[in-house]
Amino acid sequence: MTSQMDTDEQSIVLPSSTTSGLSLHPLPILNISEHLTRLKLQTRSNSPFVLGALLGTQNGREVEIVNTFELATEEGRDDLVDHDFLVSRRDQYKQVFPSLEFIGWYTVASVPTYRHIALHEQFTGYCSTPLLLVLQPSTTTSSSSDITGQTLPFKAYEPTVEIRDKKTRSVFIEAPFKVETGEAERIAVDWTAKGGGGSTSLESHLQAQRAAVKMLHERILVLVQYVTNVIAGQIPTDHTTLRSLSALIASLPASENKGFRDEFNTEYEDVQLTALLSSLTKSTNILNDLVDKHLVLIGGSRDDRTVTVRRRGIGRQGMMPGDWAMHP
């Protein structure tokens with residue numbers, strides 16, 4: 001009985017017979033993976049129910065999946081989509097990304113079943129032929145014809161209608177896809193793969209130096225411990241090793257003499273003085289800008305008052321001598 005049911009569920013997926021122009025961008029891959037990982041930690045379950053929407057563009061048969069957002073279900077019903085939440089989030093994304101449309105939905109499963117058919121029918125009101133993108137954590141290969149898609153545990157499906165025994169039923173047909181990345185997406189993915197902030201060349205160089213200094217310090221401690229044990233008589237004396245240590249110490253530059261210390265202090269003071277001069281220059285520039293703005297403001301006010309006084313003077317000079325009595 002169970003075997004027959006499994007066979008029927010698997011039979012709703014038909015093999016691909018056409019070439020699809022479906023492109024998958026890296027952001028949906030990261031979003032779906034993060035959604036699954038977060039739900040696993042929150043629910044403490046290895047197979048939580050994951051549901052989300054696909055956003056992208058469609059031009060004929062050319063479809064690009066660019067972004068995603070999570071979906072909610074009715075309380076206590078995983079088989080009913082919360083349509084109010086879907087419409088609200090879709091409209092919010094539409095305001096920020098006007099070119100993106102609702103083109104399908106995603107979930108996590110080993111293979112689509114009749115449960116996914118029932119869910120899929122609830123999305124036909126938002127898109128005539130919504131796509132289904134399935135993350136399959138248990139698999140590591142994809143039937144995509146593109147080499148970049150063969151190592152991704154994703155499969156895309158398109159809805160279709162099959163006629164069998166004079167009856168119609170809704171089924172999925174597998175759609176091959178390719179991974180499409182832009183320059184900005186490649187930089188973001190590379191930055192994420194390297195752990196975020198640790199991707200700069202300066203930090204990588206400093207980390208390498210820190211590791212080298214740490215290793216050198218550990219080896220020096222081993223040599224010091226060896227000499228200490230030899231002096232204490234805890235281990236036998238190896239004159240060959242001691243001569244090698246003596247030659248190594250003699251080859252090191254004398255870093256504790258007065259000349260070295262004076263030169264080091266001079267360079268240190270020069271660096272500190274340069275930093276101080278830089279800070280003073282920056283403060284002077286800020287003060288200079290403030291003074292210029294103040295002069296412009298004060299100068300504008302004085303010009304306005306000067307023009308007003310001159311206009312009043314011109315009015316007095318243009319009056320006839322007999323007018324003074326009329327205009328005290």
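Assorted remarks:
- Within region 178-202, the set of residues being out of contact with any helix residue (DSSP H, G or I) (no Cβ under 7 Å at 6 or more places or on another chain) and either at pLDDT 75 or above or hydrophobic (A, V, I, L, M, F, W, C) (or both) comprises Glu180, Gly182, Glu183, Ala184, Arg186, Ile187, Ala188, Ala193, Leu202.
- In region 251-263, the residues that are part of a helix (DSSP H, G or I) form Cβ pairs under 8 Å with partners that are at pLDDT below 75 and among the hydrophobic types (A, V, I, L, M, F, W, C), at six or more places apart or across chains, as follows: Phe260/Ala254.
- Looking across region 55-113, the residues that are crowded, with 17+ Cβ neighbours inside 10 Å and small (Gly, Ala, Ser) come down to Gly56, Gly104, Ala109.
- With respect to the stated conditions, Phe102 fails to be in contact with a Lys or Arg (Cβ under 7 Å, 6 or more places away or on another chain), farther than 17 Å from Gly125 by Cβ and assigned to a strand (DSSP E or B).
- Of all residue pairs spaced 6 or more apart or on separate chains, those with beta-carbon atoms under 8 Å, a first member in region 105-130 that is farther than 24 Å from Arg38 by Cα and a second member that is open to solvent by 20 Å² or more (accessible area, probe 1.4 Å) and part of a loop (DSSP other than H, G, I, E, B) are Ala118/Asp79; Gln122/Leu80; Pro130/Thr124.
- Tabulated pairs, region 174-186, first open to solvent by 80 Å² or more (accessible area, probe 1.4 Å), second among the acidic types (Asp, Glu), C-beta under 9 angstrom, 6+ apart or interchain: Lys178/Asp146
Residues are listed down the side, and each one gets a yes or a no for (1) over 25 Å from the mean Cα position of the chain (by Cα); (2) in a strand (DSSP E or B):
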residue	(1), (2)
Ser47	yes, no
Leu55	no, yes
Val66	no, yes
Arg77	yes, no
Asp84	yes, no
Gln92	no, no
Ile117	yes, no
His120	yes, no
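The values are calculated or read from the model by the stated rules, or taken from the named source; none is laboratory data. Everything numeric in this text was worked out from a predicted model, so none of it was measured. Quick reminder, even Gly has a Cβ in these numbers, built from the backbone with ideal geometry, and neighbours come from all protein chains shown. These area figures cover heavy atoms from the full protein model, side chains too; ligands, DNA and RNA do not enter into them. Shrake-Rupley method; radii C 1.70, N 1.55, O 1.52, S 1.80 Å.
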